[in-house]
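The values are calculated or read from the model by the stated rules, or taken from the named source; none is laboratory data. All figures in this text were calculated on a predicted structure; none of them were measured in a lab. No Cβ is skipped: glycine too gets one built from the backbone with ideal geometry, and neighbour counts run over all protein chains shown.
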Amino acid sequence: MSFIPQTGSFEGMKSLNKSAILNVIRFQGPISRADIAKTTKLTPPTVGSIVSELLQANLLVEEAGEGKSQGGRKPIMLSVNSSAFYAIGVYAAAEVIHTVIATLDGEITYSFEQKVSVLPSKDAFLKMIVNGIKQVMKHRRIKRESIIGIGVGMHGLVDPEKGISIFAPHLHLENILIKSEIEAEFSIPVLVDNDVRTLALAESWYGQGANNQNFICVSVGLGIGSSIVLNGDIYNGPYHSAGELGHTLVDVNGPRCSCGNYGCLEAFASEGAILNRLKKGIRLGRNWNYGDADKLTIESVIQAAQDKDPFALEVLEETGRYLGIAIANIINILTPSKVILEGRIFEIGDVIIEPLRQIVQRSTLRNLPGEVSIVTSDLGKKGMVMGAYTLILRKMFINGGVG
């Protein structure tokens, strides 16, 4: 990772220099001013001036270092004052709104969840987001001045530049003005992105994507999405819709998808598709000892698979093969070094992952320079909400500040 800031306008340069210095301290602290200057290639006076500003803003703390400096005194070491300010993360899904508050080093200090039990209106959905933010701030007794920003990971099609949810398919909502409405409520900067892209950000900072410049995240839940990291950057595409893996074609004669097309991956391998295939089989007489077909849940399917139920294993193995087809296609197009799988169904392990890997191995190009690693996320259900608040931390530490 490069810590050398780029040139630009004076104010822009100063802001980038500040982020570069903060990022060096985040990665390498405790660190001296002299070592910051060496790492960033900034002059010692520039480093000294910016460090003074950051100390005055309470973003840094000083401590005596080990050993001696050239002048014979112990060097003064700098660290990020991680608990002086906070970032809030919101994962806004169709079933749950998960809100957390985190320190500047990414440690979650409080978490609050709200179930979305009925299809809400836009106003009702926004009120739930606002309520979650108020709850975490109230519980931690944190004033607004201590919050550097609020990040929101929203399912569906999102315009991150405008902070708008263009289309939330599982809520049947369009044009939710997330950024402007939350900023109006709290007077705190807000950043919004698609939830699977926030997952990729979390993986690159804390998870399986750390120290990896080219990887794909595949998330399977009510829908199926993916996020693409190329040369260290998350790729949005010109229409903010890159990574719609769930709507790639895997069977031209397949069932109708929620998008209106036929044979999409989502119609075969999403949680809903898994439940539909099981329900159909149960009604046709397949043996099933895990509840009525009408009350089937993905949790009961996972339990059945863990108990080696033949029908559950059959459906999940088939699901793995369909996922393998789509993932093999994206590997052949983008040649990532790693694919990270996220979703409750991957808790089952090899039942679904092994057939997926077999299809990938059989269907990807033989002359790739290295084998693509296929792994499951180790961030658990927190991945997307961690990525949401990391939108704010990335802006602060890398992109020139929040606001």
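Tell me yes or no: at least one residue of the range 81-91 is within 24 Å of Trp205 (Cα to Cα), assigned to a loop (DSSP other than H, G, I, E, B) and under 17 Å from the mean Cα position of the chain (by Cα). Scanning the range 81-91 turns up no residue that is within 24 Å of Trp205 (Cα to Cα), assigned to a loop (DSSP other than H, G, I, E, B) and under 17 Å from the mean Cα position of the chain (by Cα). Among (1) closer than 30 Å to Glu161 by Cβ; (2) of a type outside the set (Lys, Arg); (3) surrounded by fewer than 22 Cβ atoms within 10 Å (Cβ to Cβ), which single condition is Ser373 missing? Ser373 satisfies every listed condition except (1). Of all residues in the range 294-322, those being in contact with a helix residue (DSSP H, G or I) (Cβ under 8 Å, 6 or more places away or on another chain), crowded, with 16+ Cβ neighbours inside 10 Å and within 24 Å of Glu95 (Cβ to Cβ) number 12. Of all the criteria given as (1) assigned to a loop (DSSP other than H, G, I, E, B); (2) touching a residue at least 24 places away in the same chain (Cβ under 8 Å); (3) farther than 22 Å from Lys381 by Cβ, the one not satisfied by Ile182 is (1). Whenever a residue of the range 185-200 is crowded, with 24+ Cβ neighbours inside 10 Å, its partners that are hydrophobic (A, V, I, L, M, F, W, C) and assigned to a loop (DSSP other than H, G, I, E, B), lying with C-beta atoms within less than 7 angstrom and at least six residues away or across chains, give the pairs Asp195/Ala93. Reported count of residues in the range 13-35, each being surrounded by fewer than 21 Cβ atoms within 10 Å (Cβ to Cβ), of a type in the set (A, V, I, L, M, F, W, C) and closer than 14 Å to Gly48 by Cα, is 2. In the range 96-118, the residues that are among the small types (Gly, Ala, Ser) reach residues that are assigned to a strand (DSSP E or B) with C-beta atoms within less than 6 angstrom, at least six apart or across chains, in these pairs: Ala102/Ala87; Ala102/Ile108; Ser111/Val100.
Go through the residues of the range 304-321 one by one and say whether even a single one is assigned to a helix (DSSP H, G or I) and closer than 17 Å to Ser226 by Cβ. There is at least one residue in the range 304-321 that is assigned to a helix (DSSP H, G or I) and closer than 17 Å to Ser226 by Cβ. Within the range 205-232, which residues are hydroxyl-bearing (Ser, Thr, Tyr), surrounded by 24 or more Cβ atoms within 10 Å (Cβ to Cβ) and either more than 18 Å from Ala92 (Cβ to Cβ) or modelled with pLDDT under 95 (or both)? Listed by number, the list holds a single entry, Ser226.
Taken over the range 86-111, the residue count meeting the criterion of being surrounded by fewer than 18 Cβ atoms within 10 Å (Cβ to Cβ) and closer than 30 Å to Ile398 by Cβ is 8. Just one of the listed residues (Ile348, Ile352) is under 25 Å from the mean Cα position of the chain (by Cα) and at pLDDT below 95, and it is Ile348.
Taking the range 159-180 as the range and being crowded, with 19+ Cβ neighbours inside 10 Å, under 25 Å from Glu145 (Cβ atoms) and not aliphatic (A, V, I, L, M) as the test, the residues that pass are Gly163, Lys179. Per this entry, Lys338 is not counted among residues that are over 25 Å from the mean Cα position of the chain (by Cα), surrounded by fewer than 20 Cβ atoms within 10 Å (Cβ to Cβ) and not assigned by TED's automatic domain parsing to the domain that holds Ile129. If the condition is being more than 22 Å from Asp193 (Cβ to Cβ) and either assigned to a strand (DSSP E or B) or touching a helix residue (DSSP H, G or I) at 6+ places or on another chain (Cβ under 8 Å) (or both), then the range 92-136 contributes Thr109, Tyr110, Lys115.
Using the structure shown, decide if Lys279 is modelled with pLDDT under 90 and outside the structural domain of Glu95 (by TED's automatic domain parsing). Judged against the criteria, Lys279 is not a match.
Looking at the range 197-233, which of the residues that are touching a Pro at 6+ places or on another chain (Cβ under 6 Å) and not in a loop (DSSP other than H, G, I, E, B) is farthest from Phe268 (Cα to Cα)? The extreme case among them is Phe215. Checking each residue in the range 252-273 for being touching a strand residue (DSSP E or B) at 6+ places or on another chain (Cβ under 9 Å) and either free of Cβ contacts under 8 Å to residues at least 24 places away in the same chain or of a type in the set (Val, Ile, Thr) (or both) picks out Val252, Asn253, Gly254, Pro255, Arg256, Cys257, Asn261, Tyr262, Gly263, Cys264, Ala267.
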